[in-house]
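Read the structure below first, then the notes.
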Amino acid sequence: MRYTFAPSKIVCVGRNYRAHAKELGNEVPAEPLLFLKPPSAVIGHGESIVLPRESARVEHEGELAVVIGRRARRVRVEDAPSIIAGYAVANDVTARDLQRKDVQFTRGKGFDTFCPLGPELVVERPSPDAAITVKVNGASRQHGHLRDMVFSIDVLVAFISDVMTLEPGDVILTGTPEGVGPLSPGDTVEVSIDSVGTLVNTVRAEG
């Protein structure tokens, strides 16, 4: 069903695919590595990712998004499915040069338009065998499967809810497979997840 994404917060999980952690020269964390994107970063299917003038290298990161359905705190792993409203496709757009420069992730992940979400909310959970792929101008960049996550969807929901109260509409981005790469003005980015959908966004320079 069509859905307008208006989360109070977007909780992201870093290095949740081993191959992606390796490609960036990082170890897989012993527990979920969390960071936040601001709600102002959200754009929808068909809208444009804007490359900010502050960054010389902005990259795509295709991800499964989990949308929370009801207010919850300290959820048990086995109860996590009961608070999930559905699933969508996301692109955790990242100014990689600024992420590396700052060490922490807020600026590199937080620019306006850096969280495309859509194209719709799907209630049924995708299979662990579902493929997640990213194409830029029709050329394959990223490919993996949801089963490759280090920490599962339910483990992530429970872990995050131990830290902060989850509100209806909140979004959890569950990590990206290997193959992240740069975006340029004029590009078209397609993020696809089997049984969830394909999120398409164009890319333009600021101004």
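Each reported figure results from applying straightforward, stated rules to the coordinates on display, with no laboratory input. Please read these numbers as outputs of a predicted model, since none were measured by experiment. Virtual Cβ from ideal backbone geometry, glycine too; neighbours counted across all protein chains shown.
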Strands (runs of 3 or more DSSP E) (entirely within segment 1-53) containing at least 1 residues that are surrounded by fewer than 21 Cβ atoms within 10 Å (Cβ to Cβ), out of contact with any helix residue (DSSP H, G or I) (no Cβ under 6 Å at 6 or more places or on another chain) and among the hydroxyl-bearing types (Ser, Thr, Tyr): 48-51
Qualifying residue in segment 123-141 (condition: touching a Lys or Arg at 6+ places or on another chain (Cβ under 8 Å), buried (at least 21 other Cβ atoms within 10 Å of the Cβ) and of a type in the set (A, V, I, L, M)): yes
Candidates Asp92, Asp79 - the one that is among the charged types (D, E, K, R) and either touching a strand residue (DSSP E or B) at 6+ places or on another chain (Cβ under 8 Å) or under 17 Å from Ser184 (Cα atoms) (or both): Asp92
Candidates Asp162, Asp129 - the one that is assigned to a helix (DSSP H, G or I) and either under 19 Å from Val180 (Cα atoms) or acidic (Asp, Glu) (or both): Asp162
